[in-house]
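Encoded as structure tokens, the structure appears first; notes follow it.
The values are calculated or read from the model by the stated rules, or taken from the named source; none is laboratory data. Note that the structure is a prediction, hence the values are computed from the model and not measured. All Cβ positions, even for glycine, are placed from backbone atoms using ideal geometry, and neighbour counts span all protein chains on display. When the accessible area is computed, the model is the full protein with side chains, heavy atoms only, and any ligands, DNA or RNA have been set aside. Shrake-Rupley method; radii C 1.70, N 1.55, O 1.52, S 1.80 Å.
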Amino acid sequence: MTSTEATKSRAVDLSATKAVLWLTLTAFLALLALYFVGMDQGATSVFGNNTYVHEFVHDARHLLGFPCH
């Protein structure tokens with residue numbers, strides 16, 4: 001192997017399609033995390049009257065400024 005072959009790198013695919021895919025996936029995961037930290041309680045809870053999710057993210061709620069009491 002020559003030194004030029006060892007230092008060759010592949011081009012990064014920066015297509016608009018891949019950018020939209022990554023941005024969509026990132027936005028979805030961020031909104032899902034925001035829901036679980038900030039919104040999952042009471043009547044809007046996905047898990048019904050179960051408060052395990054709320055108690056698991058309780059300190060994160062206070063850190064981000066969400067009221068929960």
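First measure r as the distance between the Cβ atoms of L64 and L23, then evaluate 1/(1 + (r/R0)^6) with R0 = 35 Å and state the FRET efficiency to the nearest 0.05. Show your work: numbers first, answer last.
Details: r = 22 Å, r/R0 = 0.64.
So the FRET efficiency works out to roughly 0.95.
For L63, the solvent-accessible surface computed with a 1.4 Å probe is close to 150 Å², ligands and nucleic acids excluded.
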